[in-house]
Each structure stands twice: as structure tokens, then as C-alpha cells.
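Engineer: Once you've had a glance at the structure underneath, I'll fire off some questions.
The values are calculated or read from the model by the stated rules, or taken from the named source; none is laboratory data. Every value quoted in this text rests on a predicted model; they were computed, and no experiment measured them. Neighbour counts run over all protein chains shown; Cβ positions are idealised from the backbone, glycine included.
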Amino acid sequence: MPGRQRIPRPPAYRPGGPPPWAPLAAGSKSRIGVDDVRAAMATMGPAKPWPPAVPAGQLPFEGRPAAVLVPVFEEDGQARVILTRRSDKLRSHTGEVSFPGGRLDPEESPLAAALREAGEEIGLDPGDVEILGQLEPLATLSSRSGITPFVGVLPSRPVLRPNPHEVEHAFDVALVELLDEAVYREERWDTPWGDDRPVHFFDLPDDVVWGATARILHQLLELIARNVLSGRTG
């Protein structure tokens, strides 16, 4: 169910392939803990300077840069990630599922912006967030604005205070649930920015995650799966 989201799916879209974590999902996938996230993020190395280098296969970033926080906490042995649904009071991306974050203020670093926005949007105390590292920057399909994602760990389940002017709903989901083949799917789209581009979707009970947020989740899950699988074979 996409809710109020507008998903600009082209008429000639095609099913995509299996996810890179398929071997992990096919085996033991009963638990992904914060230690798994921590170990995976340790392979990313130090944070990249801004402006970032454009990853292979992406168009140059345009517009005002933004940053998001991927907040993770552990409960009952499972790492869970916090997501938000954007308020209909916002000017763009109404009703879309996203991570807390937003555009950088003048002279503000991406990390400072991600932490500031997480505090403003859902009431997270920056002092409670242990930053594990930075994922590869990416851009939205619509605006091409560069987004820098940071993964942070919280000491326990936080008390969230969504700002109704920006966030309609804040919720969390276990990372292991996102590995399920009934939840994740890939489509291939022909777009003005290139043909046969992969577009990721996570079908949750009450909504769907797609776009830049799904690409960030895909990147994190791929990193975790690669690290876990290499540990099994190493």
C-alpha cells in the first residue's frame, strides 16, 4: 500500500532481480543485532568530505545538499531502524516514508544537519546517538539533491516526539524483517537519467518504502549481508 505517496512508475517497468542478501536470507536470518550493524559499518572507513565524489553510475548532484540519520537501536536481540512518514504540511514528498533529516544550513556539516534534523523532527537527543559511520552519498530521482546518510546507534528504544509540522508518524522495523522476500522487491525503470535503473521497494504492513530511503536501506542491508557472509566463509 503506497498510502498517499505518488510513485511515478513508468508504464514499461520490469521486475528486477534478487537482492544481494539472498544467500543470507536463504540461510539463518533469525537475528541481525546492533553488533552486526557496527561490524558492517566498520568496513566503510572514515567519513567522506563534502562535497562527495559522485558514485559510479550516478549523475552529478544538484541543488542544496541534505543529510539524513539512520537511527538504529536493539530490542530483544534485534536491530531496529526508525523511519518516519512525512507530514502533508510539507511542500514536497508528502506522505513518503523517510529517515529523519533535511537540507544543510549555510556552513553546516552534513553530520551536524542530520543530528539537528533528527532532534527537530522526532525529538532525538544528539548526545544519545553514537555515530557508526557514513554510507555512500546518493541523490533523489526527482531533484538530484545530494544526500549523505549517517548510521547512528541509540542506547535503547527512544521516546519519540514527532513534530506534527514535519512528521505524521514515526515507527520502527527490525532489519531482519526487511530481508524477507515477501517484503523486498526490485523493479527496473527507464528514466530520463538512464535506462534499466534499479528501483528498490520494501512493502511494509501499512506503507511502502521506496526512492532514496529504500536505496539507503538497500545499501545498509547489502553491507551487513556481505560482512556476515564473509565471516561465515572466512
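Engineer: Across segment 1-57, what is the number of residues that are modelled with pLDDT of 90 or more, β-branched (Val, Ile, Thr) and in a loop (DSSP other than H, G, I, E, B)?
Structural biologist: Total satisfying the criteria: 2.
Engineer: Still on this model: Which one is surrounded by the fewest Cβ atoms within 10 Å (Cβ to Cβ) among residues in segment 140-159 that are touching a Phe, Trp or Tyr at 6+ places or on another chain (Cβ under 9 Å) and modelled with pLDDT under 95?
Structural biologist: Filtering first and then ranking leaves Arg144.
Engineer: Is there a residue being assigned to a strand (DSSP E or B) and either touching a strand residue (DSSP E or B) at 6+ places or on another chain (Cβ under 8 Å) or at pLDDT 95 or above (or both) anywhere in segment 118-131?
Structural biologist: yes
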